[in-house]
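The values are calculated or read from the model by the stated rules, or taken from the named source; none is laboratory data. Just so we're clear, the structure is a prediction, and the values are computed from it rather than from any experiment. Note that we place each Cβ from the backbone using ideal geometry, even for glycine, and neighbour counts take in every protein chain shown. In case anyone asks, the SASA skips ligands and DNA or RNA and just uses the protein heavy atoms, side chains included. Shrake-Rupley method; radii C 1.70, N 1.55, O 1.52, S 1.80 Å.
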Amino acid sequence: SMLRKVLADPHAVYVDLTPSEEVSRMLPLFGFRPVNRGTTLAMLPWHAVRSARGGRVRALRADEPLAPGEPPLELLFAHRELRCEPLVLEHPQGRTLFVYRSRPVRGLPAARLKYIGSHAVLQRHLPCLARHLLARGLPLLSFDTREPPMAGLGLIHRPGGIWYAKGASARRQPVFPKA
């Protein structure tokens, strides 16, 4: 079929960020795999009182060198026009780039995580990010749930919002979705 021919290119990465329920059942048959397991909502006041483990959040500088595999500076700063904020989390293990956008959740002020270099770093340093976002009037943080989902008090996992990808680089690198 024509669809199979289009999806056969081994060098291309294909992404479906908003599949319908019917399409979600069909995507694995074409080699797509889920990239996330839903959405997690973190109640930041709960996390802000925990130890920050030496982390510090600061603005990304326009002249800052980025690590291989991180989105280009031009892309990160172009997303500011979409009200996305590129920041750096400095921590004892190094530094991790992250991008969020202010976006209400059920009418409450919240941040939506658009990109983070490591979900393991997010889990370890959520208190530091919580303090930074709370200082900007954002008491909630939503982000894609990875495997295994983060567990604990102050975290709510919602299984909806799963998106799919196919292709070699989709397995190696996080996808930077549009705002």
### Histogram of C-alpha separations across the stretch 30-179, 5 Å bin width, %
2, 9, 19, 22, 23, 15, 8, 2, 0, 0
### Task
Please report, in cubic angstrom per residue, the volume enclosed by the convex hull of the alpha-carbon atoms of the stretch 42-118.
104 Å³
### Query
What does the helix-only formula give at 222 nm for the chain: each DSSP H stretch with n ≥ 4 adding -39500 (n - 2.57), the total divided by the residues, and the result rounded to the nearest 500 deg cm²/dmol?
-6000 deg cm²/dmol
### Query
Does the stretch 8-83 come out rounded, prolate or oblate, given a ≥ b ≥ c as the square roots of the eigenvalues of its C-alpha gyration tensor, rounded meaning a/c under 1.5 and, failing that, prolate meaning a/b above b/c?
oblate
### Query
How high is the relative contact order of the stretch 72-168, given as a whole-number percent (alpha carbon pairs under 8 Å, six or more residues apart)?
18 percent
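Probe radius 1.4 Å, ligands and nucleic acids ignored: give me the carbon and sulfur share of the accessible area of the chain as a rounded percent. Can you show the working numbers first?
Details: 5830 of 10040 Å².
That share works out to 58 percent.
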## Note on the structure
Tilt, helix 119-134 to longest principal axis of the chain (alpha-carbon atoms), in degrees rounded to tens, equals 50 degrees
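Relative to the present Cα-Cα distance, how much length would full extension add between Arg136 and Phe30 at 0.36 nm per residue of separation?
Working: separation 106, 0.36 × 106 = 38.16 nm, distance 4.30 nm.
33.9 nm is the gain from fully extending Arg136 to Phe30.
Expected output is a single nm value to one decimal: the length gained when fully extending between Arg56 and Lys5, i.e. 0.36 nm times separation in residues minus the C-alpha distance. What is it?
Working: separation 51, 0.36 × 51 = 18.36 nm, distance 4.79 nm.
The span from Arg56 to Lys5 would gain 13.6 nm if fully extended.
Starting from the alpha-carbon convex hull of the stretch 96-162, give the projected area averaged over all orientations, in nm².
Answer in nm², one decimal: 4.6.
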### Query
Amide H of Leu140: which non-local residues (sequence gap of 5 or more, or other chain) have their own amide H closer than 5 Å, using H built in the peptide plane?
Leu44, Ala111
### Coil-residue trypsin sites (Lys or Arg not before Pro) of the stretch 74-139, DSSP, other Cβ within 10 Å capped at 15
Arg83, Arg106, Arg136
